[in-house]
1. Looking only at segment 30-70, which residues are surrounded by 15 or more Cβ atoms within 10 Å (Cβ to Cβ) and either at pLDDT below 95 or farther than 16 Å from residue 9 by Cβ (or both)?
2. Looking at segment 1-19, which of its residues are surrounded by fewer than 20 Cβ atoms within 10 Å (Cβ to Cβ) and under 20 Å from the mean Cα position of the chain (by Cα)?
3. Here are the criteria: (1) closer than 30 Å to residue 104 by Cβ; (2) touching a residue at least 24 places away in the same chain (Cβ under 8 Å). Tell me which single one residue 21 does not satisfy.
4. Restricting to segment 122-144, what's the tally of residues that are surrounded by 15 or more Cβ atoms within 10 Å (Cβ to Cβ), of a type outside the set (A, V, I, L, M, F, W, C) and outside any loop (DSSP other than H, G, I, E, B)?
5. May I ask you to verify whether residue 111 is without any contact (Cβ under 8 Å) to a residue 24 or more places away in the chain and hydroxyl-bearing (Ser, Thr, Tyr)?
6. Which pairs turn up if I take residues in segment 31-58 that are among the acidic types (Asp, Glu) and look for partners that are open to solvent by 50 Å² or more (accessible area, probe 1.4 Å) with beta carbon separation below 6 Å, at least 6 apart in sequence or on another chain?
7. When segment 20-29 is examined, which residues are found to be among the hydrophobic types (A, V, I, L, M, F, W, C) and either in a loop (DSSP other than H, G, I, E, B) or open to solvent by 20 Å² or more (accessible area, probe 1.4 Å) (or both)?
8. For the list (1) crowded, with 18+ Cβ neighbours inside 10 Å; (2) more than 17 Å from the chain's Cα centre (by Cα); (3) of a type outside the set (Phe, Trp, Tyr), I need the number of the one condition that residue 182 fails.
Amino acid sequence: GRPPRDLDVYQLTLRAMSEHRFTPEATRASRQNLEEAIRRDPNFALAWTQLAWVNMLDAWIQLTGEWHLSQLDEVIDQFSRAIELDPNLSGAYRGLGQALILKGDVTQALTMSRRGFELAPSAPDSLLFYGLALFESGELAEATDKIEQALALHPMQPSYFAYFHAVILWANEQYDDALTEIESVLQRAPLL
């Protein structure tokens, strides 16, 4: 894709990505840095992608109370803008797929998630989010396979990997393993 206008735009974007944690303060700080990056360079796709992720997560789990599921169309527009600017940005397709799942459009979500996977087939997040879209579309066996591949590839899995793994374990009626996995999420991310 097109590089940022200058290194300050790139630094703001990277700072937002590294700072984002599942707290209100970190969410606001990330959003502020990304909005500034976009103000400086409205054509930097990575900043649009990351802003959409921050806003979607805030709407979904109500980190700040500033974004709500009723604003999913705006999140979808942000991911779409990123794809328009860089049609090879896997993370934008992955995020768009998740936003579409939240919106209830599972068919289109699967298409977008599959595209994200095709662009980065060995990236753990690509496998994970494609697996989630498969799960939402009722493809439990293939979803389980993709999520297990994601787990095997990620050397330091974030807590959300364990959460989604627990969902898949539960769907496969592996209840004890699912509960163990959820307990590990609570230990790693107690504020969620």
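The values are calculated or read from the model by the stated rules, or taken from the named source; none is laboratory data. Quick caveat: nothing in here was measured; it's all calculated off a predicted structure. Please note: Cβ atoms are built from the backbone with ideal geometry, for glycine as well, and neighbour counts cover all protein chains shown. With ligands, DNA and RNA removed, areas are computed over all heavy atoms of the protein, side chains included. Shrake-Rupley method; radii C 1.70, N 1.55, O 1.52, S 1.80 Å.
1. 52, 53, 54, 55, 56, 57, 58, 59, 60, 63, 64, 67
2. 1, 10, 14, 15, 17, 18, 19
3. Failed condition: (2).
4. Initially, segment 122-144 is screened for residues surrounded by 15 or more Cβ atoms within 10 Å (Cβ to Cβ), giving 123-137, 139, 143-144.
Subsequent filtering for residues that are of a type outside the set (A, V, I, L, M, F, W, C) retains 124-126, 130-131, 136-137, 139, 144.
Now narrow it down to the ones that are outside any loop (DSSP other than H, G, I, E, B): 124-126, 130-131, 136, 144.
Looking only at that region, the number is 7.
5. Values: without any contact (Cβ under 8 Å) to a residue 24 or more places away in the chain: yes; hydroxyl-bearing (Ser, Thr, Tyr): yes.
Yes: the conditions hold for residue 111.
6. Hits for this filter: 41/5.
7. Within segment 20-29, the subset among the hydrophobic types (A, V, I, L, M, F, W, C) is 22, 26, 29.
Those that are among the hydrophobic types (A, V, I, L, M, F, W, C) and either in a loop (DSSP other than H, G, I, E, B) or open to solvent by 20 Å² or more (accessible area, probe 1.4 Å) (or both): 22, 29.
8. Of the numbered conditions (1) crowded, with 18+ Cβ neighbours inside 10 Å; (2) more than 17 Å from the chain's Cα centre (by Cα); (3) of a type outside the set (Phe, Trp, Tyr), the odd one out for residue 182 is (1).
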